[in-house]
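Nothing in this text is a laboratory measurement; each read-out follows from the coordinates by a stated rule. Please read all numbers here as calculations on a predicted model, not as lab measurements. We place every Cβ from the backbone using ideal geometry, glycine too, and count neighbours over all the protein chains shown.
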Amino acid sequence: MRRLLIVVDMQNDFIDAALGTKEAVLIVDAVKEKIRTYPAEDIIATMDTHGENYMETQEGRYLPVPHCVKGSEGWQIRPDIEELLTGAKIYEKPTFGSTALAADLKALSEKEEIELELIGLCTDICVVSNALLLKAVMPEVTISVDAACCAGVTPEKHLAALETMRSCQIQIINET
């Protein structure tokens, strides 16, 4: 059984810049420790990626805070996390969930037995979106989320997202 770690959107804008929160800052050390427990070839990362026209998009109209504009400092993965991701496959995604990631992992699951663990930001937006996409295309693959390595937009939304994922048979670990 191959275990893969998916590190969701550990980018500057979500940690301590445009959309950062104190909760996001607080999970950084736990995220780094978790990454260190996986072989480099079994780590995948995602990056929220927007263009200069972000404010003209549907997301930009609902969340009018420019963030993760490709090439900007806020778009970059936090440096102390990025240095741990050497060898990781990185998916740039223009929206909350990555359909390319889901398709690639589904294809892999048809060749070998895998388990998936997700960590990152934000629990209630991109983590839950990716977890549900993955569960939808691979209902028999065990998928878990490490709650101690995730943070939501607010603590309440973090807990609500964990409950949503639990309801959809995604395993929640390290919940305090």
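Quick notes on this structure:
- Shape of the chain, Cα gyration tensor, a/c cut at 1.5: rounded
- Convex hull volume per residue for segment 61-114, taking Cα atoms only, in Å³: 118
- Size of electric dipole in the chain: Cβ of Lys, Arg +1 and of Asp, Glu -1, about Cα centre, debye, nearest 20: 220
- For segment 156-171 versus segment 69-112, the gap between their alpha-carbon centres in whole angstrom: 22
- Relative contact order for the chain, counting Cα pairs under 8 Å that sit 6 or more residues apart, in percent: 27
- Per-selection Rg to Rh, segment 104-149 - Cα, Kirkwood hydrodynamic radius: 0.98
- In nm, spacing of pseudo-spin labels at Arg2 and Lys22 (7 Å Cα→C-beta vector): 4.2
- Residue list for segment 2-19, given a label point 7 angstrom along the Cα-to-Cβ vector of Glu115 and an amide N cut-off under 11 Å: 2-4
- For the listed residue pairs Lys89/Lys111; Lys22/Lys89; Lys70/Lys106; Lys70/Lys93; Lys34/Lys89, the alpha carbons are over 21 angstrom apart in Lys22/Lys89; Lys70/Lys106.
- Comparing Val31, Val153, Val137 in a Gaussian network model of the chain where C-alpha atoms under 10 Å apart are linked, the largest mean-square fluctuation is found at Val137.
- Simple Cβ-charge dipole of segment 79-118, Lys/Arg +1 and Asp/Glu -1, about Cα centre, in debye nearest 20: 260
- Taking label positions 7 Å along the Cα-Cβ direction at both Gln169 and Glu56, the computed distance is 4.3 nm, reported to one decimal.
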